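Below: one structure, written as structure tokens.
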Amino acid sequence: MIALVLLVAACGSDTPVDDSAPETTASAADDTGAPDTEDSSSGGTLVLAVEQWPECINPVTSCANATWTIWSVLIHYLPRLMELDQSNTYVASSLLVEEPTVANGGLVTADDGTFTLTYRLNPEATWSDGTPITSTDVWFTWRAGLDTTGTLSTIGLILITEIDHSDPHTAVITFSEPYAPWPTLFSGLLPAHELGPDTDIADKWNDEITVSGGPWIQEEWNQEQHILVPNSTYWDADRIPLVDRVVMVPREDTDSELLALQTGEAMAAFPQPFPGARERITGDLTYEVAEGTYMEGLWINQDAPDRRFDMTRHLRQAVAYALDRERVAEVALGTIVADPPVLQCAGWNPGFGPWCQDDFARYTQDAAKVAELLEAEGWSRPDPEGLWMNAEGEELVLAWNTVAGNKRREDVQALVVEMTAPLGIGWEIINYDPGELFQNRLPALNFGPVALFANSTNPDPSVANLYDIDGVPTEENERTGQNFTAYRSQTASDLAFAIDAEVDPAARLELVHQLSEILAADVPWIPLYMLPNMIIWDATAVSGPGAYVSSPYGGFFDMFDWTVHAE
Amino acid sequence: MARYVLTRLATTIPILLAISIAVFWGANHVADPTVSLTLNPRIAPEDLAAYREHLGLGEPLIGRYWQWLGNFVQGDLGTSLVQNGAEVWPIVRTAMANTLVLIVIAAIGSLALGIAIGTVSAVRRGSFLENAATTGSFLGISIPPFWLGLMLQLFLGLYLANWLGVTPPLLPTAGLYSPGQQGFDLVDRLRHLVLPAMALSLQLVAVYSRYMRASLLDVMSSDHIRAARGRGLPERTVVVRHGVRNALIPVSTQAATDAGQLVGGLIVTEQVFQYPGMGRLFVDAMLGGDYPVLLAAVMITAAAVFLVNLAADVSYGVLDPRIRRGTG
């Protein structure tokens, strides 16, 4: 469940990430984020401000679909089979003896089409009450995900036909068909001995996690605070917490978080990046910014109701060449981070690890290219200062929608309007409230042809629904399709399905790269930038934050490595 | 009097019904508890449909309302849509208790200060004190509670702490108690109440001081005050025993009728100070589309405001027989 939520709610970068440090760093104080062993000591209480307080903490029901339930609670208690490392690549967690691969027989696709995944568990791994973590817990987690009243994330789990847990240290999982995003499953194991035997756990663990398989044990959780203490039985020596206690408190907006840090009521916060951050974070406060969970860009609707002219491939490419995306990124994010990077990834492509290439880097502002592409399709510019016109006399004016009142996006619109005017491209800005745009217009393809908004990225490239031709929202599929740009490329569609069926990560990566190249050529969307993640802390009070800023596990994931300074 | 009370109670029922219909309709149109899940491409449509069915959101609006109303009149407030089936009553009860503490402190504080300032203003007419009180009152009435809350956090939370060199601050800027506090600590709770109570009460202090001033001036020009002075009573006795006591009647009833204003201020104040009371519960439930919690919060609050107003009317009649309803 948690894994599936992570796929959407908390994702990462779409450009290659350095495996040792966040991509962008900005500090107001002289602190690099690395634990400082000279001026700090272990022990003490760490106080953290949490931006969205979970309503409940049940690890299967809708509660588990809130990002902050994972970031502030579940990730610290529930062990994972596969785990995202600092570069957001899935690797075997310390709960496994080894990563399942095709070579070691861990990933087997049979002739009958079934797929078998074998996990070999670390025999030293135990729950906090001393009970070993076994394959029965894997089985129980699967069943709880399906049987619990109010369960939501059953994707992947419903393809499992059997889990053989006869050997406590080996879980053999059989899928009815190849399931490529298998690493995303079982990223929050549940203790069968504590929660079972009934596999419907809707009434359990709503406000208390009684047994832990992570570095921390829960001492208290309520709507006012969450107290964690070290799990003395934790088997991973690299993740033994250094502080005596962590207290999380709700501070449910950026200003409150910042005030709590300034007054010393909290030591660190993981807020949404806010405009003016570079100026407002001063004094003893320091911060780290890195690529975050959402990619923002221009979505080009090829079925837009405005049919004055078609959004052909040449026209889409011309728009991409008309933009100075570095300036756009600067206007959008410059007050948060210095020199914000331009996103160069294929739209909707996995945002993590090696999946992303610089396919869109070719699109830099180039007036000659714009003219060449448009003239090749019969557009002309009778007035060199005016707009391009097609053979029917229609001016090249594109209707453009985004969320009304979103300052960042409206600033981008203003800049682009000014930027493309000399190149003969005009815009008609029509913005809507979020409900109207996302719930009514998007599924009906009643927008644009251009829309500006953010889309979450996945730590695993399961993208068939986004590229599938049958995924274009229609009356036939009751508007449930998610190919919102009505992009119809049979090659891309086939490739997307092939990616979802390829269980070998290396082979999948190659297919993903092929798809990325096609998308960069076809320009179904124009990438602009990744919205960053940010962590702020008081450098005089705590050392250590900053290593997992772009992690789907949240900026507090590695707080076992943090230290608080002696008063 | 009993007839009057019963009549008022009877007229309240349709008002509460109308409020519940409006809130129910609004809550179901403003926010949907599953909207974030709807936008989540990794949740299968069939799982979402089953979840909506589980929450009862597939039922027609009217049917859901009648079901809610039927349960409500039987004392069953239902279960939360976003807290995995948690009972609504304990959620509301906790918030209500927190709010009552805040509101009582704010009401007592604002009344005491308002009466004192109003009395001084009336007694020392034309003095610097009166001019300062008048200016302060107009300022207090003009300052919106949310802005005042932010300023209090900045000046009495952050700047004062920096000036004194204390961390964490003497007057905490948010929450119910200090991080890590387990068990009840009266001093800690009171420290956390200071700033929200100030933000909530300042406007009321200004209002009550104006009322008190006007009321006392009116009383002080009446015959019985002249008679008291004629009997040679000391001025302090005349003011306190004969003036202030009579002037308090309209002020105290006004305080009761201001309950609605207090509730309005609570919503803002509790948001600013992250105070877990009814105001914050109301906002969270509204934004989250959690209509069972929202309805319970609104209905209980509306009923409470109504009862306080009724008590004010009744007490007014009791205290001043001249205006008792039905007796001319």
Rounded to whole Hz, the Karplus (6.51, -1.76, 1.60) HN-Hα couplings of segment A:326-335, x for glycine and proline:
5, 5, 4, 4, 5, 5, 6, 10, x, 7
Using per-residue counts of other Cβ atoms within 10 Å, averaged over each peptide, order A:499-505, B:156-162, B:17-23 from highest down.
A:499-505, B:156-162, B:17-23
Using amide H atoms built 1.01 Å from N in the peptide plane, name the residues 5+ places from residue A:219, or on other chains, whose amide H lies under 5 Å from its own.
A:227, A:228, A:229
If you line up the long axis of helix B:186-220 against the longest principal axis of chain B, both from Cα atoms, how many degrees apart are they, to the nearest 10?
40
If you average 1/r over all unlike Cα pairs in segment A:48-143 and invert the result, what Kirkwood radius do you get in angstrom?
15.6
What does the accessible area of residue B:138 come to, in Å² to the nearest 10, when a probe of 1.4 Å is used?
110
Go through B:68-76, B:195-203 and give me the packing order, highest mean Cβ count within 10 Å leading.
B:195-203, B:68-76
Per the Debye formula with a single identical scatterer at each Cα and no solvent contribution, what log10 I(q)/I(0) holds for segment A:213-350 at q = 0.11, 0.14, 0.16 Å⁻¹?
-0.69, -0.90, -1.01
Leading residue at positive end of dipole, segment B:2-327 (Cβ point charges), from B:107, B:22, B:279
B:107
Scoring only Lys, Arg, Asp and Glu (+1, +1, -1, -1) among other residues with Cβ under 10 Å from the Cβ of residue A:329 yields -3
Over the Cα atoms of segment A:109-178 the radius of gyration and the largest Cα-Cα distance (Dmax), both in Å, equal 13.3, 43
With a 1.4 Å probe and every protein chain left in place, work out the accessible area per residue of chain A in Å², rounded to a whole number.
34
Counting Lys and Arg as +1 and Asp and Glu as -1 over every other residue whose Cβ sits under 12 Å from the Cβ of residue B:91, the net charge comes to -3
Given the rule -39500 (n - 2.57) for each run of at least 4 DSSP H residues, summed and divided by the residues of the protein assembly as shown, what is its mean residue ellipticity at 222 nm, to the nearest 500 deg cm²/dmol?
-12500 deg cm²/dmol
How crowded by other chains is B:278-289, given as the mean number of beta carbons from other chains within 10 Å of each beta carbon?
1
Calculate log10 I(q)/I(0) of the protein assembly as shown for q = 0.08 Å⁻¹, where I(q) comes from the Debye formula with a single equal point scatterer on each Cα and nothing for solvent.
-0.84
Accessible surface of residue B:54 - all protein chains present, 1.4 Å probe, nearest 10 Å²
90
FRET efficiency for residue B:229 and residue B:257 from the Cβ-Cβ distance with R0 = 25 Å, rounded to 0.05, comes out at 0.15
Extreme residue, positive dipole direction of chain B, given options B:314, B:197, B:7 (C-beta unit charges):
B:314
Taking every residue in B:161-174, how many Cβ atoms of other protein chains lie within 10 Å of its Cβ, on average?
4
How many times 2.2 N^0.38 Å is the alpha carbon radius of gyration of segment A:149-256?
1.35
Would you work out if segment B:97-196 is rounded, prolate or oblate? Take a ≥ b ≥ c from the square roots of the eigenvalues of the alpha-carbon gyration tensor; rounded if a/c is under 1.5, else prolate when a/b is larger than b/c, oblate otherwise.
prolate
Could you pull the Cα extents of segment A:471-528 along its three principal axes, largest to smallest, in whole Å?
37, 27, 20
Can you tell me the orientation of helix B:128-142 relative to chain B, as the angle in degrees between its alpha-carbon axis and the longest Cα principal axis, to the nearest 10?
20
Quick check for me: using +1 on Lys/Arg Cβ and -1 on Asp/Glu Cβ, what's the dipole size of segment B:2-327 about its Cα centre, in debye to the nearest 20?
1740
What does the highest-first list of B:55-66, A:320-331, A:131-142, B:89-100 look like by mean Cβ count within 10 Å?
A:131-142, A:320-331, B:89-100, B:55-66
Calculate the dipole size of segment B:1-97 relative to its Cα centre from +1 charges on Lys and Arg beta carbons and -1 charges on Asp and Glu beta carbons; express the result in debye to the nearest 20.
500
Computed lengthening from residue A:253 to residue A:239, 0.36 nm per intervening residue step minus Cα-Cα distance:
2.0 nm
P(r) of segment B:172-265 over all Cα-Cα pairs, 5 Å bins starting at 0, rounded to whole percent, reads 2, 12, 16, 13, 11, 11, 10, 9, 6, 5, 3, 1, 0
Tell me, how many Å apart are the Cα centres for segment A:233-279 and for segment A:69-130?
28
Debye log10 I(q)/I(0) for segment B:2-327, one point scatterer per Cα, at q = 0.08, 0.16 Å⁻¹:
-0.51, -1.32
Here the tail fraction of P(r) beyond 14 Å, over all Cα-Cα pairs of segment A:376-461, rounds in percent to 69
Against the longest principal axis of chain B, how steep is helix B:2-30, in degrees 0 to 90 to the nearest 10, with axes from Cα atoms?
40
Give me a single rounded figure for A:114-123: the average over its residues of other chain Cβ atoms within 10 Å of their Cβ.
0
Along the charge dipole of segment B:2-327, which of B:225, B:250, B:82 sits closest to the positive end, that is, farthest toward it, with unit charges on the beta carbon of Lys, Arg, Asp and Glu (+1, +1, -1, -1)?
B:225
Under a point-charge model restricted to the Cβ atoms of Lys and Arg (+1) and Asp and Glu (-1), what is the dipole moment magnitude of the protein assembly as shown relative to its Cα centre, in debye to the nearest 20?
6580
Rg/Rh for segment A:277-328 to two decimals, with Rh computed the Kirkwood way over all alpha-carbon pairs.
1.24
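The values are calculated or read from the model by the stated rules, or taken from the named source; none is laboratory data. Since the model is a prediction, treat every value here as computed from it, not as a measurement. Because the Cβ atoms are built from the backbone with ideal geometry, glycine has one as well, and the counts that use them run over all protein chains shown. Protein only, heavy atoms only, side chains kept; ligands, DNA and RNA dropped before computing areas. Shrake-Rupley method; radii C 1.70, N 1.55, O 1.52, S 1.80 Å.
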